[in-house]
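To start, the structure under review is shown below, and the notes come after it.
The values are calculated or read from the model by the stated rules, or taken from the named source; none is laboratory data. On a predicted model such as this, the values are computed, not experimentally measured, just so you know. With ideal geometry, Cβ positions are generated from the backbone for all residues, glycine too; neighbour counts draw on all protein chains shown.
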Amino acid sequence: SQIVPTVLKQRRHLTVAELAAADYVLMGDKPHYMEVKLRGGKEIVLPFARYFDPVRMQDIGVFDKLAEIQRMAFSTDFQPKLARVSKAYNGSHEALKGTTYDLGATVQPGHGNDGIQLGGLAKTNDPEIKHLNTLVSQVGSCMIKNAFPSTHSTAETRERRWIVDASLTIGHEDNHEVTSIQVNFSMLNQELVDAIKEVGKVHNDGKDDRPRFTALLFLPYFPKNHFPGRFLITTARLACTACPFSGMVFSGTHAHFATGMGAYDKSISPDSPLRYHRPAAISYPKLPPETKYGRVAIVAYPKRFLMRLNPRAMRAEDFEDDVAALAHFCSMRNMQEFRLRAFVKMNSSTLQQATPDALIQKFSWVNEQGSTSYPRRELATAALHYALNNIGDNDPDWKELNEAVEKISCGSSF
């Protein structure tokens with residue numbers, strides 16, 4: 001799965017025959033599944049990947065948010081700001097990671113009980129970065145929720161574990177799917193491996209939480225004579241066109257790779273079907289005239305260590321101080337509802353007399369209008385129910401889902 005057929009690197013659409021010869025499937029508007037046989041012979045169907053073209057993005061109601069994200073990412077001072085802060089925090093950032101930036105909480109190995117910390121960019125508490133996190137978390141979680149019909153979606157199990165495990169999800173309070181956001185920049189004719197280092201090679205994200213999904217947003221800005229490129233899941237031999245305002249929901253623990261962006265060969269005429277043509281049903285918003293062409297891909301993903309959280313591993317000064325913690329949570333509701341879930345997880349043995357009312361009172365806050373807001377009652381009710389019934393250790397659906405994804409995943413690295 002590390003060897004990508006040369007034809008897939010062509011800077012144009014491929015013909016049906018070329019795809020067939022390479023043994024790849026071009027993804028359309030439908031979900032892809034994997035059938036898995038478990039120990040004991042039981043067969044289950046696992047949701048695996050879903051491509052969202054720009055029309056589908058419009059259908060699920062996130063097109064305007066994508067426009068705002070693209071406008072922020074391509075503004076003249078945004079990437080230089082990320083580079084400047086990252087370099088101040090870690091002098092070797094550029095050499096190691098190039099123009100790829102992580103925006104939320106990080107996991108620092110070797111820090112023991114202090115391992116979960118705010119990353120350098122989060123520590124700035126920059127309003128623009130927080131706004132980007134909020135938008136990306138909304139778009140990413142909306143894509144994941146809309147990727148698979150309910151029959152095989154695993155959504156109910158994942159939602160339950162978000163509560164039970166006190167997952168440290170980023171940005172908007174309605175995001176229960178992803179903990180981390182990474183922004184990747186590259187210039188128009190730059191090799192990805194030069195721009196974004198290891199992330200630009202065929203790789204898999206072995207530290208992701210395997211039963212969960214990554215949402216990838218493609219937001220390139222390029223001239224008419226350029227092909228936007230394609231994204232490949234090499235282990236499953238799936239390909240999609242990485243055109244502006246499209247995206248992919250998939251498991252990052254499978255090997256993946258982006259390739260094929262660049263100028264069309266002169267032999268490909270402007271009206272050729274081998275070129276990318278914007279769907280008639282959409283129109284791309286205009287960017288300011290001084291905007292430089294380039295590629296922006298944003299990854300919203302579930303880090304295993306943050307999804308299956310040990311709250312004791314959180315650095316106190318980063319997460320107990322409201323102002324600091326809001327760099328990751330981005331809203332008081334997200335922060336206080338996280339604290340409620342973490343409290344229940346840490347104190348499950350002493351909550352026999354607790355009530356949902358007492359919990360939402362304990363984690364209430366004063367909102368911007370000066371009145372009191374409360375965590376959602378249904379969240380407090382569910383958290384208490386799961387804790388008092390020891391669902392954390394007694395969840396056969398979750399156990400089965402983990403067994404299934406282990407059977408089809410790629411290990412933690414190549």
Next item on the list: Hey, can you tell me all the residues within the range 212-250 that are among the β-branched types (Val, Ile, Thr) and either free of Cβ contacts under 8 Å to residues at least 60 places away in the same chain or part of a strand (DSSP E or B) (or both)?
Entry: Thr214, Ile233, Thr241, Val249
Checklist line | Some residue of the range 35-54 being within 22 Å of Ala258 (Cα to Cα), surrounded by fewer than 17 Cβ atoms within 10 Å (Cβ to Cβ) and touching a residue at least 40 places away in the same chain (Cβ under 8 Å) | finding: no
Check: Does the range 311-357 hold any residues that are more than 19 Å from Leu103 (Cα to Cα) and under 21 Å from the mean Cα position of the chain (by Cα), and which are they?
Finding: Arg333, Glu337
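Among residues belonging to the range 17-34 that are of a type in the set (A, V, I, L, M, F, W, C) and outside any strand (DSSP E or B), point out the one that is surrounded by the most Cβ atoms within 10 Å (Cβ to Cβ). Step through it out loud before you land on a result.
We begin by selecting, within the range 17-34, every residue of a type in the set (A, V, I, L, M, F, W, C); these are 17, 19-22, 25-27, 34.
Okay, now just the ones that are also outside any strand (DSSP E or B), so 17, 19-22, 27.
On the way: Ala17: 8, Leu19: 18, Ala20: 11, Ala21: 12, Ala22: 17, Met27: 23.
For the range 17-34, the residue satisfying everything is Met27.
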Item checked: Failed item in (1) at pLDDT 85 or above; (2) surrounded by fewer than 23 Cβ atoms within 10 Å (Cβ to Cβ); (3) closer than 29 Å to Gln117 by Cβ, with Ile144 passing the rest -> (2)
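Does Ser413 satisfy being modelled with pLDDT of 95 or more and under 21 Å from the mean Cα position of the chain (by Cα)?
For Ser413, the condition - modelled with pLDDT of 95 or more and under 21 Å from the mean Cα position of the chain (by Cα) - is not met.
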Item checked: Lone unmet requirement of (1) part of a helix (DSSP H, G or I); (2) over 30 Å from Pro273 (Cβ atoms) for Met57 -> (2)
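Which ranges mark the helices (runs of 4 or more DSSP H) fully within the range 308-377 that have 3 or more residues being within 25 Å of Ile129 (Cα to Cα)? Working first, answer last.
On the way: elements: 316-319, 322-329, 332-346, 356-362.
It comes to 316-319, 322-329, 332-346.
Restrict the check to the range 45-61 and report whether at least one residue is at pLDDT below 90 and more than 19 Å from the chain's Cα centre (by Cα). First the steps, then the outcome.
In the first step, residues of the range 45-61 are kept if they are at pLDDT below 90; the result is none.
Checked the range 45-61: no residue is at pLDDT below 90 and more than 19 Å from the chain's Cα centre (by Cα).
Is it the case that the range 359-378 has a residue that's under 30 Å from Ser153 (Cβ atoms), in contact (Cβ under 8 Å) with a residue 40 or more places away in the chain, buried (at least 17 other Cβ atoms within 10 Å of the Cβ) and of a type outside the set (S, T, N, Q)? Can you show your working first?
First pass over the range 359-378, keeping only residues under 30 Å from Ser153 (Cβ atoms): 359-360, 363, 374-378.
From the residues that got through so far, the ones that are in contact (Cβ under 8 Å) with a residue 40 or more places away in the chain too are 375.
Right, trim to buried (at least 17 other Cβ atoms within 10 Å of the Cβ) and you get 375.
Right, trim to of a type outside the set (S, T, N, Q) and you get 375.
Among the residues of the range 359-378, at least one is under 30 Å from Ser153 (Cβ atoms), in contact (Cβ under 8 Å) with a residue 40 or more places away in the chain, buried (at least 17 other Cβ atoms within 10 Å of the Cβ) and of a type outside the set (S, T, N, Q), which makes the answer yes.
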